[in-house]
1. Taking into account only those residues within the stretch C:707-734 that are among the charged types (D, E, K, R) and under 22 Å from the mean Cα position of the chain (by Cα), which is surrounded by the most Cβ atoms within 10 Å (Cβ to Cβ)?
2. Restricting attention to the stretch A:109-119, does a residue exist that is out of contact with any Leu (no Cβ under 6 Å at 6 or more places or on another chain), without any contact (Cβ under 8 Å) to a residue 40 or more places away in the chain and among the basic types (Lys, Arg)?
3. So which residues in the stretch C:250-285 are in contact with a strand residue (DSSP E or B) (Cβ under 9 Å, 6 or more places away or on another chain), within 14 Å of chain A (Cβ to nearest Cβ) and part of a loop (DSSP other than H, G, I, E, B), if there are any at all?
4. How about the stretch C:64-153: which strands (runs of 3 or more DSSP E) wholly inside it have at least 1 residues that are surrounded by fewer than 19 Cβ atoms within 10 Å (Cβ to Cβ)?
5. Looking at the stretch C:408-429, which of its residues are over 28 Å from residue C:93 (Cβ atoms) and buried (at least 23 other Cβ atoms within 10 Å of the Cβ)?
6. Checking the conditions here, which among C:162, C:238 is of a type in the set (Val, Ile, Thr) and in a loop (DSSP other than H, G, I, E, B)?
7. Quick one: in the stretch A:35-74, which of the residues that are in contact (Cβ under 8 Å) with a residue 60 or more places away in the chain and in a strand (DSSP E or B) is farthest from residue C:207 (Cα to Cα)?
Amino acid sequence: MTANIEVNGAPRALEVDPGETLLDALRAAGFKGVKRGCENGTCGSCVVLLDGVPHFSCLLLAAALDGRKVTTIEGLGTPDAPHPIMRAFAEEAGVQCGYCTPGMVLSAKALLDAGPRPTEAEVREAFDGHLCRCTGYVKQVQAVLRAAAELGNTGTGTGSGTGERTGGAR
Amino acid sequence: MPEVEALHRPRSLDEALDLMAQHGERARPLAGGTTVALARGGRRDVVVALARAGLDAIEQGPDGLRIGAMASCAALAKGLAGSPSALSDAAAVVGTRVLRNHVTIGGNCCVVYAWSDLPVALRALGASFELASAGGRRRVLPEEAFFAQQPSRVMAAGELLVAILLPAPAPGSGSAFVKLARNAGDHASASVAARVELDGGIVRSARLVAGGVKGMPQVLAGAAAALAGCRAEEALEEAARVAESEVDSTSDFRGGAEWRKHVVGVLVGDAVRTAIDRAIRMGA
Amino acid sequence: MSRGGETKVVGHSERKVDALALASGQPLFTDDVDVPGLLHAKVLWSPHAHARIVRIDASKARALPGVACVLTHEDVPRILKTTAGQGWPEPSPYDTPMLPDKVRYVGDRVAAVAAETREIAEQAVRLIEVEYEVLPALFDLRAADAPGAPVIHDEPDAKAIIPVPYWPERNVAAHVDMRIGDIDAAFDASDVVVDREVETQYGQHCPIEPHVTICRIDEYGRLHIRTSTQVPFHVRRIVAQACEVPVRRIRVVKPRIGGGFGAKQEVLEDLVAMLCLRTGRPVKLEYTRSEEFVSSRTRHPAVSRVKVGFGRDGTMKALYLRARTNTGAYGSHALTVVCNCGAKTLPLYHCENVGFDGDSVYTNLPVAGAYRGYGGTQAAFALEVAMDEAARALGKDPVDLRRALHIREGEGSPVFRALGEGQEGVEQKIGSCGLARCLDLGAEAIGWKDRESRRGSGRFRRGFGMCALMQGSSIPEIDMGSASMKMNDDGSFNLLVGATDLGTGSDTILAQIAAEAVGTTLDRMIVYSSDTDLTPFDVGAYASSTTYLSGEAVRKTALLVRGQVVEVAARMMRVEPADVDLPGDGTARAGGKSVTFEDVARHALYARDQFQIGAIGSAISHASPPPFSAHFAEVEVDTATGKVRVVKYVAAVDCGTAINPKLAEGQIEGAVANGIGYAMTEEMVFNDRGLCLNASFRHYRIPGTLDMPEMVTILVPTYEPTGPYGAKSVSEICINGPLPVLSNAIFDAVGVRLARAPFTAERVWRALSGKGFGT
């Protein structure tokens, strides 16, 4: 059956099996930034924004979403024109293997869209539902705080150096 | 992928109920999707997606709160933030933050797992459940009837849960829900919801419900009776002891039966203390 | 940093070269390509822990429309091999066929299907009829070699291919022992003896991307394997062995991979390769999350016992470690993990009498393999808990005890020589050690001095714990890495490395090393890795070897290229090569003259006496210099329920020079998070038939953002003289800290010893009962 879904601002008529998840439908349509990690709504690597709100695409049936708006990572930016959150993830070393990154960037976007200057605790809360096995989450949280600052045009510097170095924060 | 023969997207409750009636036993309502999307193999369902059937309103009426069955945990946690209760506590700790954008109060009540959070709170709060079926038929079940067994067995074929009704809190009352889990976002190893009514520092009545330990939510009548008519601080230890002994528990990888019974006792204390604090703040 | 002089690229937190492509969701991973005509593979997994396949009938599955191929043990050659992706000859026993006629755990391979869709493949799997003769099963690692225990590998052809102990008739997959000095006499002469046994559980790596492989026959009839692996060259060799295809007919490409942590050091590609060879069509095998838990690989569970004797003055007289690891149904990494239990712990402290007995036993449970920490995790738990108890018995501060005893720069340890990985070890002297500074800075960051005042007295008690750690950097005299590099028209370079970036950032740090050595900026370094047709050999990403060993190969290669650049530049500027200076900005200067690398490249490629500026270089390691680390944690224990909250965690790490400090911190933070998960919640639980009950992220709980404590990461620079720009390894060491640190902190808080991980609320509560903590 057909699911008329707006993906990243462009209307699409997705031909789907009625039992097909949005994850499978999006990947079949070429949106490979949506990742398959657990297929039971726990790891967050398949997160997309549904009308601006983070959802696990593995728990949504595509056919049920007729008329809804979906944002995938491809709708946010490209390596040449990255979204400020993507850039902050890259600058703050918030990307290791990168498999969880698109989902986390999208949840961060929903957070910053809702309120421009979240606290660190709010960023951590926004990532509840995303599992990352590489990083320990410190750098992603810093990345979102940095992106928030940049989006608010206040700017922060980041250090790099070779001396004794203390990082990490909560 | 779940095996689905057809998926319908009704635009109204009546349309949804007609579809439910038409497909009978094969009809499967789709709420938050956590159960349907995870189904594998087995029967080929006809899915009735309820997202646009107009069931997600949260309305404050003179007799209490009417919560549409499709209200998400995220909406509940936000919508009830101003008046903390066992329900807002529970809605805020169902799964993870992203999952709470999916999980609906109706879905969480219709398919009950041992670890489900909202049914525990709703039993403590004396909720009732509004069921509808085609042809304008409605019935309202009190919580003890709705949760007497797995609700799918209580509900007739073609029947939908459309709203959860919460009585307005009595003056001098307060409620709370507490949960112990292995880590954030995990299902409950044990949980307790408490509702108390105070009268000048004396517990006039209490209702205690345990979840997460075994099967359906369990009403802790003995522990509640131990509190009634007492100053809570003086009776809490006894209530916890009674709760431990009356609750039925099981062992799995979330904890052993004996420890779970003990934790229910601890959580009774925690939940009752918070409920009393809230009651006092509400002017008890 | 010192000794290396000022560096321009190394030592700076350059942006990871693939970060923006990954963050923007580019199709970089194995499954992100659309392959026309792709078949989907599914495996029938054993429902029994131990059973002979008496009869297997796949005719119904084969008859199902859409099924292209079904393989059972009757359809494939019986070639025993190891799935351990190790250098040849592998120290792991050859005990694993592609498809067995006897299943050895719930989740073992029984048959495989390739079909037009995932759904048809699943349906076909259900149609395969198997008759089993169920055999008694063995689940308890302590009972594995007891008389009468079921023999798991009773097949006559299982064997070790190097001369190491292998006694399958007693379910012993590996054994190691070592004696230095006279430990019995030394224990007799000790004033304080601590004897502590600890136990660690089945845990899984949980890469967020499960194992996935796409095989196809390419346009030239070669087998092309696109796979999520840490060891592409070992995949090529072992698939060649298992499928009886010459190495030259196989190309393995590792695209970006979604984490590995050791799980993807296993070569599981043989089955999907065979499906591809048999059908001639592209085939994908992608594990589900539950398959990833049960049928990929796990950490070796272990029972580890440390006995340590001290003189009253705090000198360590004798140190003994007994480790028994559970390798599960097959012996992948059995010997090397148990060897590392001793090798990565026992050299840490000065002691003249050291003993070690280790064995690794078969059970009818999932197969253990390589997992970050690799034996160090299991044994450091025992050693560092014993050190904590010793400090209490001696009346010493735990930090002071370690400070007094730990190995220092310039010192050796007899253990280095006695214990290798599957063979004798290699003598080495410590070239760099910042552990003393790690202890100081870590103690300061956690507030060690005033911890007594912060304990609390009610239901919630705070406690503080610490430990010291070492690991290694590569397997000496075994591992090899190599690189090749060539210069392009515009003065940029292609850097080709066999090393495998599994998300760690190794492409980036290797490019930094190359840019530094050749004298240019990072943006002019185009790095390509892990393609067996195009990149030179590397053993792969394991044994904490990439920065140290592959990095050294890159440095050597880049220096060869630098020499050629200097020569051409000298010719162009009509000066002597010795007078040419490369300041690091992609130019060459001499006196007042200067040419750019672009000028040099154009000259070399187009002007006169043309040649390709380029080189290939290799490195082997003669030592395995340990990184060192001190960890500290603060916990809060709810004495009513037993629930423990990790409040703060400090890791101070000496990894030599951090080539990229932010990426090094990321390695530390990720390892600590994984270690905290293993210490606090992660455990695969089995029923009495060997079935894993919690093979999903819903039920096997790894930490999320809300579980993480306040985290402090401290890099303590030292300069390792044998490493590239002074670097040592960083990836593994910190996963070993949380088990002992948190056990020690819980003891500090409430006086009970958690010796069995994970430290669940129930275990803490049980330990507390009778200790007088009320609710």
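The values are calculated or read from the model by the stated rules, or taken from the named source; none is laboratory data. As the structure is a prediction and not an experimental result, all values here were calculated from the model. In this analysis, Cβ positions are derived from the backbone assuming ideal geometry, glycine residues included, and neighbour counts consider all displayed protein chains.
1. Filtering the stretch C:707-734 for residues that are among the charged types (D, E, K, R) and under 22 Å from the mean Cα position of the chain (by Cα), the one surrounded by the most Cβ atoms within 10 Å (Cβ to Cβ) comes out as C:728.
2. So far as the stretch A:109-119 goes, yes, one or more of its residues are out of contact with any Leu (no Cβ under 6 Å at 6 or more places or on another chain), without any contact (Cβ under 8 Å) to a residue 40 or more places away in the chain and among the basic types (Lys, Arg).
3. Matches in the stretch C:250-285: C:254, C:255, C:257, C:258.
4. Fully inside the stretch C:64-153 and qualifying: C:129-134.
5. Selection gives C:413 alone.
6. Testing whether each residue is of a type in the set (Val, Ile, Thr) and in a loop (DSSP other than H, G, I, E, B) leaves just C:162.
7. A:69
Here is a yes/no grid of residues against (1) of a type outside the set (Phe, Trp, Tyr); (2) over 25 Å from residue C:122 (Cβ atoms); (3) away from every other protein chain (no Cβ under 14 Å):
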site: B:7; (1), (2), (3): yes, no, no
site: B:19; (1), (2), (3): yes, yes, no
site: B:36; (1), (2), (3): yes, no, no
site: B:66; (1), (2), (3): yes, yes, yes
site: B:74; (1), (2), (3): yes, yes, no
site: B:99; (1), (2), (3): yes, yes, no
